[in-house]
């Protein structure tokens with residue numbers, strides 16, 4: 001009996017003793033006590049290997065805040081630092097494939113009019129200083145500070161980058177460049193790769209006020225307010241397109257503000273052989289073009305194409321000519337030919353062929369300063385007509401058939417087709433004189449300057 005009690009006592013004693021620890025992962029170690037204290041709603045952090053404490057992350061309902069106790073998003077990061085330290089920094093050190101410092105994806109659609117669904121949205125609430133909602137910086141010489149893609153192919157409203165400014169002096173999108181004097185840098189560059197795409201499009205949609213589709217300013221004494229080039233030799237490319245829907249708006253405004261130097265408000269280039277550097281189309285029939293000096297109108301071209309110039313006009317030509325049809329092919333006529341009315345046709349000319357002919361009409365103009373015509377400017381019949389000089393000084397083919405020609409001599413038709421000679425028979429010169437010689441011709445034939453004075 002005593003032996004039985006002794007064995008039972010030993011068994012009971014062994015049962016309450018802790019099990020010995022086992023090494024090499026063959027058994028569980030004794031649990032250690034976790035200590036520390038925390039604040040409600042703060043996500044804990046291990047302060048030591050056995051002690052917990054508050055982290056900087058604060059969670060309320062389903063929102064987590066970093067630097068704020070009132071998070072307004074799934075993750076709300078705010079900084080009150082007055083230094084340049086960023087609130088969030090995304091950095092990728094990948095050297096191959098597509099790498100992102102920050103990558104945002106949105107899968108929802110706007111739920112109401114005026115709302116937006118954005119992968120990444122940047123907002124600046126500052127009321128002064130140079131604040132930025134989103135700032136993109138790139139140090140690669142061929143890199144991109146901010147890159148926006150609109151990859152949808154089934155809609156027409158997608159935007160790679162959109163900037164909106166609600167402030168009275170705000171800027172939706174601004175591009176600044178501080179490049180050197182050797183390489184051309186661009187504050188903003190728009191590239192259109194499609195056959196009917198627009199590289200940069202500026203639209204003023206306000207229906208009231210003095211809205212502006214695009215304003216380009218340049219303060220350099222030798223700079224340019226705006227340069228727009230459509231360099232493609234195919235397709236319907238557009239170097240610049242400006243629209244204004246407002247009744248008092250401006251489709252495009254270009255100002256060169258420098259008060260000295262060779263400033264230019266706008267320069268337009270077109271490299272296509274059949275292209276047009278500039279087209280002005282007033283579809284409602286109003287003025288096509290108005291020129292001003294210090295806000296005062298000095299010239300205008302109305303809807304019919306008629307020009308009005310307060311200061312007169314200066315051209316590179318030397319006479320006024322009328323576009324007139326000729327008998328036969330135009331290639332049979334040359335500048336300087338003396339022309340006469342063709343009796344076998346209506347409103348048609350031919351080479352003069354009769355001495356003292358009273359049908360003499362004028363001289364084939366070499367370079368008319370003004371060309372009058374009854375046809376529209378794109379009328380195909382213009383290509384078959386010749387410019388008849390009726391007023392001005394023009395070169396004329398002459399011959400000394402009636403003696404040497406002196407300066408001031410009255411000229412009439414000679415017997416040689418298309419040539420004038422000195423007129424000496426006063427009884428036959430009424431209605432036959434084409435003009436006065438401005439240069440002499442001693443003998444033979446040649447070309448002299450003639451003041452056209454039909455009489």
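Out of the DSSP beta bridges found with both residues in the chain, what percent are antiparallel (nearest 5)?
65
Quickly rank 210-219, 37-46, 396-405, 228-237 as a protection proxy: mean count of other C-beta atoms within 10 Å, highest first.
396-405, 210-219, 228-237, 37-46
Please compute one quarter of the surface area of the Cα convex hull for the stretch 36-76 and express it in square nanometres.
Over every viewing direction, the Cα hull of the stretch 36-76 projects on average to 2.8 nm².
How long, wide and thick is the stretch 305-396, going by the Cα atoms along their three principal axes, in whole angstroms, largest first?
So the three principal-axis extents are 44, 28, 21 Å.
In nm, to one decimal, how far is the residue 189 label point from the residue 77 one, both placed 7 Å along Cα→Cβ?
Each label point is offset 7 Å from its Cα along the Cβ direction, giving 3.0 nm.
Would you mind ranking 385, 32 by Cβ crowding within 10 Å, fewest neighbours first?
Fewest to most other Cβ atoms nearby, the residues stand as 32, 385.
Which order do 47, 306 fall in if you start with the one that has the fewest other Cβ atoms within 10 Å?
306, 47
Give the order of 262, 299 when sorted by the count of other beta carbons within 10 angstrom, beginning with the fewest.
By the 10 Å Cβ count, ascending: 262, 299.
Kindly rank 428-434, 145-151, 263-269 from highest to lowest mean number of other beta carbons found within 10 Å of each residue.
Answer by packing, highest mean first, reads 428-434, 263-269, 145-151.
Using the Cα gyration tensor of the stretch 195-277, with a ≥ b ≥ c the square roots of its eigenvalues, what is the shape: rounded (a/c below 1.5), prolate (a/b larger than b/c) or oblate (neither)?
oblate
Rounded to the nearest 0.05, what FRET efficiency is calculated for residue 219 and residue 47 with R0 set to 51 Å and r the Cβ-Cβ distance?
0.30
To one decimal place, what Kirkwood hydrodynamic radius in Å is obtained for the stretch 319-452 from all pairs of distinct Cα atoms?
When all Cα pairs of the stretch 319-452 are included, the Kirkwood radius is 14.6 Å.
At R0 = 35 Å, how high is the FRET efficiency between residue 37 and residue 89 if r is their beta carbon distance? Nearest 0.05 is fine.
Computed FRET efficiency for residue 37 and residue 89 comes out at 0.65.
Using only alpha carbons, build the gyration tensor for the chain and give me the equivalent ellipsoid semi-axes, biggest first, whole Å.
In descending order, the three semi-axes are 93, 23, 20 Å.
Taking the Cα atoms only, what angle lies between the long axis of helix 2-16 and the longest principal axis of the chain, rounded to 10 degrees?
20
Counting only helical runs of four or more DSSP H residues, what would the 222 nm mean residue ellipticity of the chain come to if each run contributes -39,500 (n - 2.57) and the total is spread over all its residues?
Mean residue ellipticity, 222 nm, calculated: -1000 deg cm²/dmol.
To the nearest 0.05, how large is the calculated FRET efficiency for residue 383 and residue 315 if R₀ is 22 Å and r is the Cβ-Cβ distance?
About 0.55, to the nearest 0.05.
Readers should treat all values here as calculations from the given coordinates under stated rules, not as data from a laboratory. Keep in mind that this is a model prediction, so the values were computed, not measured. Virtual Cβ from ideal backbone geometry, glycine too; neighbours counted across all protein chains shown.
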